[in-house]
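Everything on this sheet refers to the single structure shown next.
The values are calculated or read from the model by the stated rules, or taken from the named source; none is laboratory data. Keep in mind the model is a prediction, meaning the values are calculated, not measured. All Cβ positions, even for glycine, are placed from backbone atoms using ideal geometry, and neighbour counts span all protein chains on display.
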Amino acid sequence: MKYNEFKEIMIDYVSGNLSEEKQKEFDQFLRENPAYTEEFEEFLLLWNHTEENVPEPTMAMDMNFYTMLQAEKEKTTQKTIIDRIGLLVNQVLFKRVAYTLAILTVGFFLGRGVAEEEITSEETIDLAAAKKETEKLRSQLVLTLLEQPSANKRLKAVNEVSKMNEVTETIINALFKTLNNDESVNVRLSAIEALGNYTNIPQVREGLIASILKQESPLVQIALADVMVLLQEKKAIEPFEQLIEEEDTNESAKQKMEESIERII
């Protein structure tokens, strides 16, 4: 088995995407290759390390958030997205996930040279080629994790995007699919944060504007309002006005959108 193939199968194995027959073949391969086994065991340890559940915002948490947000409004007018929703979103979890994924990426995808057949000379590895391979594997990891049933795994995927030097159209589309459809509010908020790093791309700006009317969570609506203010995006005014007119829109979210419109005009 080639080393690149091993890395791909390793991801599918821990994600549960291998057939029973393929799992047996992979288990047999590990038994016959102790060096690969050691790497796989460390990979599996890191994969399982962040399996704890991601808490979803409750109504009580929402109300506490809105109360504290109102109190903070007079103190500053230039808070970032994370500053405004940080009282609710578990930042400790974000840092832990980011740290774990950093170890995963460096430790397993930049490689430890266990497959001599793939690395002819460790002293002459081309750095550019290594970086390209890392980006390719990171993209594959992101897309794989975004399909996982665990909200924590999907959160890991979104945070991994922030480490990418360049994002492909496939990754951008995957992030918007997450933003508009993921059942976890935390994951959607993280998707906004990730997409906010690429607002220089017209596709991203247009996608964020289009997403406004697709959101029902007050927290996500507030986060998008913050982004539109930072971008001074006048195209966002119309969808905000539509949401303000809807009776079932949260009052705190309405107030936030009204303030955002005033700051954009």
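Summary table below
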{"item": "Residue 236 vs. criteria within 22 Å of the chain's Cα centre (by Cα) and crowded, with 22+ Cβ neighbours inside 10 Å", "result": "no"}
{"item": "First in the range 145-172 and within 11 Å of residue 135 (Cα to Cα), second anywhere and at pLDDT 90 or above and hydroxyl-bearing (Ser, Thr, Tyr), Cβ under 8 Å, 6 or more apart", "result": "167/198"}
{"item": "Tally, over the range 239-254, of residues that are in a helix (DSSP H, G or I) and over 13 Å from residue 223 (Cα atoms)", "result": "7"}
{"item": "Residue among 191, 253 that alone is in contact with an Asp or Glu (Cβ under 9 Å, 6 or more places away or on another chain), free of Cβ contacts under 8 Å to residues at least 40 places away in the same chain and small (Gly, Ala, Ser)", "result": "191"}
{"item": "Set 208, 143, 195: member being out of contact with any strand residue (DSSP E or B) (no Cβ under 8 Å at 6 or more places or on another chain) and under 22 Å from residue 12 (Cα atoms)", "result": "143"}
